[in-house]
Amino acid sequence: KSWAVTWFEMANEADHGNHSVKPFKKYSPADYVAWYNESVKRMKAVDGNIQCGAHMGTGTPPTDPWNAAVLSGTKDRLDWVIIHTYLPAAAPLDWTGSADIAQLRINAYHSNILANTGRRIPIGITEFNNGFHAMRYSWNVALFCAEYLGAMLQPSNNILMAQYWHLVNGYFGLVHNKTPYAGL
């Protein structure tokens, strides 16, 4: 039976670990590359139309050694690159440059991708939000997200998709219900 699913994010924050899931699992770059390549090979044998993305480092800069190892190790099976961005990472006194910081981060990822794969590969920003949690409900954050969305929509940035993390409940949630967040 076919479910017509095209896009696969291969793990989530594999370098960081699976949070509170038991048993705990955290990959080394070599382990992640081996798992990614074998999984993608098997998946594409079933459906050659699927597109698989490898995860970059969690909360680290584009130049993180994890990223270089994963990009160079998966480059032959890599359809898109997954990043999470929580910018700015602190509360600057002047937020007017925060969209510029985001653009610099996108540029740095593209440079690193090209240097390690020899190709221009699309980026999927599967989590984004502001990085300064105490201000997450402020107008500054709303304006930053609007500017960031504008940058992500620029064709030259080659952004495949972007998902705001996250709307309901949890640490970043904008909408809360009375049921405590269970981490599900």
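A few points about this structure:
- Cβ-Cβ FRET estimate between Ala45 and Trp139, R0 fixed at 35 Å, reported to 0.05: 0.10
- Charged neighbours of Arg105, selected by a Cβ distance under 15 Å, balance to -4 (K, R count +1; D, E count -1).
- The modelled label-to-label distance between Leu149 and His19, using points 7 Å beyond Cα along the C-beta direction, is 2.4 nm.
- Low-density loop positions, trypsin sites (Lys or Arg not before Pro), segment 12-56 - DSSP coil, at most 16 other Cβ in 10 Å: Lys25, Lys26
- Computed from backbone phi, the HN-Hα couplings of segment 104-118 come to 4, 5, 4, 4, 5, 4, 4, 4, 5, 4, 4, 5, 9, 10, x Hz, rounded to whole numbers (Karplus: 6.51 cos²θ - 1.76 cosθ + 1.60, θ = phi - 60°; Gly and Pro given as x).
- Environment charge of His19, counting only residues whose C-beta is closer than 11 Å and scoring Lys/Arg +1, Asp/Glu -1: +2
- Three-way shape call for segment 7-91 based on the alpha-carbon gyration tensor, with the a/c threshold at 1.5: prolate
- What the Cβ-Cβ distance of Ala30 and Gln163 gives, at R0 = 41 Å and to the nearest 0.05, is a FRET efficiency of 0.90.
Every read-out reported here was derived from the displayed coordinates using simple, explicitly stated rules and does not represent laboratory data. Owing to the predicted nature of the structure, the values given are computational and were not obtained by experimental measurement. Don't worry about glycine lacking a Cβ; one is built from the backbone with ideal geometry, like all the others, and counts go over all protein chains shown.
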